[in-house]
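Asks: Below is the structure I would like to discuss, written out as structure tokens.
No lab work stands behind these numbers, since they all come straight from the coordinates. Predicted, not measured: the structure shown is a model, and the values here were computed from it. Quick reminder, even Gly has a Cβ in these numbers, built from the backbone with ideal geometry, and neighbours come from all protein chains shown.
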């Protein structure tokens with residue numbers, strides 16, 4: 001039986017005594033200094049704890065308990081024949097020294113000495129989550145260019161905690177974090193304050209995409225559906241050279257491709273306002289020669305002025321626009337209805353009240369947002385409430401209001417001689433609701449009439465601030481990620497920058513990284529277990545009979561996955577070493593904290609070589625079920641056998657990982673996956689490996705959550721499952737660096 005104790009050694013000049021750990025087990029006796037010192041009066045030898053009279057008692061006791069736990073686990077897991085004084089001491093000292101290094105320097109500073117003379121490209125990461133984009137961008141370098149991370153933003157506490165721990169405390173960067181909903185009115189104001197007038201070269205981010213996913217049921221009026229517009233508002237204000245938007249593949253086909261086209265229209269509607277005068281002069285020229293549709297052309301002119309207005313000006317312009325159309329209707333009303341009808345007819349009232357609603361667009365937008373938030377908060381979906389809420393939200397959208405006005409005009413059955421006036425009113429209302437790009441398409445027939453298409457297109461080329469052809473599908477495994485994760489990328493290129501239409505793969509089909517390469521060296525963990533240090537893997541005994549085949553899967557590679565037997569490292573070794581190119585030479589050792597309070601006090605950091613490598617406690621039935629599925633290799637094929645032995649499950653899906661290929665898309669629920677050689681779910685660290693995160697990237701806070709809390713909390717499994725794979729982000733960032741001016 002192992003005996004782990006702590007004792008106080010001789011006091012130093014300040015009368016503080018070092019706490020030592022001593023291990024006695026048969027012939028092995030080891031003494032190691034823990035690096036902690038206290039006054040003798042503050043030590044409770046009987047209970048082996050520091051008393052409350054020492055101000056740091058909580059953090060010291062936490063560390064001592066962690067040390068004791070790790071030593072006891074080590075003795076339980078290692079064969080007795082392997083015990084030596086040296087090995088045990090090395091194990092303890094790795095934990096003690098790692099912590100000591102982190103405590104000695106409270107906050108490191110990024111060492112940029114080696115980057116003197118290099119060109120810095122700045123970026124911010126919106127909807128940052130764990131920081132997949134941020135990691136990839138910081139890894140990327142091209143020639144004499146590299147990236148400087150200015151700011152990350154997300155709405156969740158654990159995203160901020162993970163960001164601060166990684167970039168500020170561990171890497172020593174001075175990047176900011178803005179924890180705020182992007183839809184809030186003062187988001188942009190707060191963003192600009194944090195950026196302190198520093199020019200942003202690249203904006204990246206993936207607006208949350210659950211409502212676009214092909215894997216899940218789509219919801220109408222999901223609070224996440226309109227976040228693209230807010231993302232693009234940031235682009236309008238910051239005017240970066242490039243921006244990247246990432247989303248799921250389902251966005252390409254949502255509503256028959258209309259969502260994709262809407263996003264492209266909005267991107268093309270971001271304008272260079274310095275050139276806006278050219279368009280206004282051109283519209284004035286059109287106005288002089290137009291004979292028939294003067295009112296419609298005037299409406300286009302008024303609508304175009306929305307683009308250059310600030311928020312206060314825009315409110316007045318919108319009101320003036322609707323008032324102008326309403327005046328046209330007032331002049332028309334006596335011609336199509338007598339006095340009594342004009343006061344009592346439901347169609348006339350609908351048209352009149354529709355104008356009132358359109359004038360209240362700002363107030364209705366506020367109501368819409370509040371109702372959508374309430375719908376999400378109360379989890380209204382697949383019930384009788386959701387349909388009624390959606391009907392109300394549809395009714396207050398400007399499109400629906402205009403459609404209702406249109407239907408009411410039809411119901412009036414006005415004389416034919418006034419149908420042209422009615423058509424112009426309806427067109428005017430539609431123009432009011434157009435995007436800039438839709439206005440351009442509407443103006444083209446007028447332009448064609450005066451045969452000035454070339455001049456018009458020339459003006460537009462100056463006016464459009466961003467160029468983009470089409471979004472493209474990026475497959476993560478093409479960039480050295482051991483996962484077949486498909487994501488859609490929109491890359492907007494400012495008009496003074498080179499157009500980027502795709503990101504070339506870094507590996508071909510035969511060179512792709514396999515699941516075995518990513519995970520084999522972490523397979524030393526059991527059921528209901530947690531490891532803080534790496535352990536050797538005996539492949540020969542583990543894969544008896546197939547050892548050579550398994551070993552052949554492990555290749556030496558460059559960072560981005562390209563095989564390179566001479567200078568390369570294995571994927572596992574890159575994960576341990578890190579892919580940040582030695583840029584952060586003063587970085588602290590990896591550490592874990594659960595809260596912001598623990599983060600601020602470095603004594604509370606759990607410092608160890610390995611983190612996030614913990615398995616769930618699974619009962620015998622679950623383990624047996626996973627064994628059957630693992631042996632069969634496929635859940636559907638195993639269902640018959642599971643039912644026969646009474647271990648069938650209501651669970652929708654299990655994915656058995658194939659060691660010689662790539663994993664399916666990593667999601668946020670760990671027990672969706674079965675390890676390729678053990679009947680268990682994956683740990684956070686293993687999922688992070690499949691996503692291509694370095695091992696030094698520690699996911700902070702709670703490990704998992706369940707039930708209703710999933711709507712509000714973002715624990716480690718959610719952080720890693722929702723992230724952009726850093727190696728895919730690195731490929732995107734590198735392509736931008738190759739082209740940026």
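Asks: Rounded, prolate or oblate: which one fits segment 479-631, using the alpha carbon gyration tensor with axes a ≥ b ≥ c (rounded when a/c is under 1.5, else prolate when a/b beats b/c, else oblate)?
Replies: Oblate, because a/c is 1.5 or more while a/b does not exceed b/c.
Asks: Oh, and also: Calculate how steeply helix 361-377 sits against the longest principal axis of the alpha-carbon atoms of the chain, using the helix alpha-carbon long axis, and give the answer as 0 to 90 degrees to the nearest 10.
Replies: Roughly 30 degrees, rounded to the nearest 10.
Asks: Among 3-9, 230-236, 516-522, what's the highest-first ranking by average C-beta atoms within 10 angstrom per residue?
Replies: So the order, starting with the most tightly packed, is 516-522, 230-236, 3-9.
Asks: Order these peptides, 691-704, 332-345, 650-663, by their mean beta-carbon neighbour count within 10 angstrom, highest first. Before the final figure, lay out the partial values.
Replies: Values: 691-704: 24.1, 332-345: 13.1, 650-663: 15.7.
Sorting 691-704, 332-345, 650-663 by mean packing, highest first, produces 691-704, 650-663, 332-345.
Asks: Sticking with this structure for a sec: What percent of all Cα-Cα pairs in segment 309-433 falls in each 10 Å bin, counting up from 0?
Replies: Over segment 309-433, the share of Cα pairs per 10 Å bin runs 11, 38, 28, 18, 5, 0 percent.
Asks: Taking 51 Å as R0, compute the FRET efficiency from the Cβ-Cβ separation of residue 275 and residue 418 and round it to 0.05.
Replies: Taking R0 as 51 Å, the efficiency between residue 275 and residue 418 is 0.80.
Asks: Calculate the FRET efficiency for residue 12 and residue 537 from the Cβ-Cβ distance with a Förster distance of 30 Å, rounded to the nearest 0.05.
Replies: Using R0 = 30 Å, I get an efficiency of 0.10.
Asks: Kirkwood-based Rg over Rh for segment 510-713 (C-alpha set), two decimals?
Replies: Numbers: Rg = 18.4 Å, Rh = 18.7 Å.
Looking at segment 510-713, the ratio lands at 0.98.
Asks: Could you please rank 671, 636, placing first whichever residue has the fewest other Cβ atoms within 10 Å of its Cβ?
Replies: Details: 671 16, 636 10.
Listing 671, 636 from fewest to most nearby Cβ atoms yields 636, 671.
Asks: Over the residues of the chain, compute the C-alpha Rg and express it relative to 2.2 N^0.38 Å.
Replies: 1.16
Asks: Whole angstrom only: what separates the Cα centroid of segment 13-74 from the Cα centroid of segment 662-741?
Replies: 36
Asks: Helix 635-644 sits at what angle to the longest principal axis of the chain, using alpha carbons and giving 0 to 90 degrees rounded to 10?
Replies: Compared with the principal axis, the helix lies near 60 degrees.
Asks: Can you classify segment 368-459 as rounded, prolate or oblate using the Cα gyration tensor, where a ≥ b ≥ c are the square roots of its eigenvalues, rounded means a/c under 1.5, and otherwise it's prolate if a/b beats b/c and oblate if not?
Replies: Because a/c hits 1.5 or more and a/b fails to exceed b/c, segment 368-459 counts as oblate.
Asks: Where both partners of a DSSP beta bridge lie in segment 510-713, what percent of those bridges are antiparallel, to the nearest 5?
Replies: 75
Asks: For the chain, what proportion of DSSP beta bridges, expressed in % and rounded to the nearest 5, is antiparallel? Could the numbers behind the result be given before it?
Replies: Working: 39 of 61 bridges.
Around 65 percent antiparallel, to the nearest 5.
Asks: Continuing with this model, one more query. Short version: what are the Cα gyration tensor semi-axes of segment 3-104, square root of 5 times each eigenvalue, largest first, in whole Å?
Replies: Taking √(5λ) for each Cα gyration eigenvalue gives 25, 14, 13 Å.
Asks: So what is log10(I(q)/I(0)) for segment 157-209 at q = 0.18, 0.30 1/Å, when the Debye sum runs over its Cα atoms only?
Replies: Those come out to -0.76, -1.25, one per q.
Asks: When the helix-only estimate is applied to the chain (DSSP H runs of n ≥ 4, each -39,500 (n - 2.57), divided by the residue count), what is the mean residue ellipticity at 222 nm, nearest 500 deg cm²/dmol?
Replies: Dividing the helical sum by the residues of the chain leaves -13500 deg cm²/dmol.
Asks: Related question: Please work out how much length the chain gains when fully extended from residue 313 to residue 596, using 0.36 nm per residue of separation minus the C-alpha to C-alpha distance, in nm with one decimal.
Replies: Result: 97.7 nm gained on full extension.
Asks: Moving on to the next point. Output the 0 to 90 degree angle, nearest 10, between the alpha-carbon long axis of helix 726-739 and the longest principal axis computed from the alpha carbons of the chain.
Replies: Roughly 60 degrees between the two axes.
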